[in-house]
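The values are calculated or read from the model by the stated rules, or taken from the named source; none is laboratory data. Bear in mind the structure is a predicted one, so any value in this text is a computation, not a measurement. Side chains included, ligands, DNA and RNA excluded: accessible areas come from the protein's heavy atoms. Shrake-Rupley method; radii C 1.70, N 1.55, O 1.52, S 1.80 Å.
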Amino acid sequence: MMMAEKTSYTLLSDSAMSVSKALGIAYRVDEGLVERYKKNGTDGTVKFHYINPNYRVRLDPEVLLSAARASLK
């Protein structure tokens with residue numbers, strides 16, 4: 001169920017990928033890779049994310065491993 005929430009910022013969408021393509025950051029994976037993802041049970045659901053406005057601050061590897069292990073349960 002989708003819930004609407006008020007935000008203090010403007011949320012933009014690039015569903016046609018036109019801006020991503022213009023910036024050269026869009027890419028397409030080949031069918032072989034898509035099939036491998038499907039075999040691994042990847043359904044496109046984001047189960048973990050890490051966002052830091054300072055790109056120099058990296059995620060602790062143990063946190064990422066813990067999240068990966070938790071997603072397998």
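Is there a residue in the range 34-44 that is open to solvent by less than 100 Å² (accessible area, probe 1.4 Å) and not in a loop (DSSP other than H, G, I, E, B)? Talk me through it step by step, then tell me what you get.
We begin by selecting, within the range 34-44, every residue open to solvent by less than 100 Å² (accessible area, probe 1.4 Å); these are 34-35, 41-42, 44.
So of that shortlist, the ones also not in a loop (DSSP other than H, G, I, E, B) come out as 34-35.
So far as the range 34-44 goes, yes, one or more of its residues are open to solvent by less than 100 Å² (accessible area, probe 1.4 Å) and not in a loop (DSSP other than H, G, I, E, B).
Kindly provide the set of residues from the range 45-73 that are assigned to a helix (DSSP H, G or I) and open to solvent by less than 100 Å² (accessible area, probe 1.4 Å), ordered by number.
As a first pass, look at the range 45-73 and keep what is assigned to a helix (DSSP H, G or I): 61-71.
Across the range 45-73, the qualifying residues are Pro61, Val63, Leu64, Leu65, Ser66, Ala67, Ala68, Ala70, Ser71.
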**Report entry** Members of the range 1-29 found to be in a loop (DSSP other than H, G, I, E, B) and open to solvent by less than 100 Å² (accessible area, probe 1.4 Å), listed by number
**Finding:** Thr7, Asp14, Ala16, Met17, Gly24, Ala26, Val29
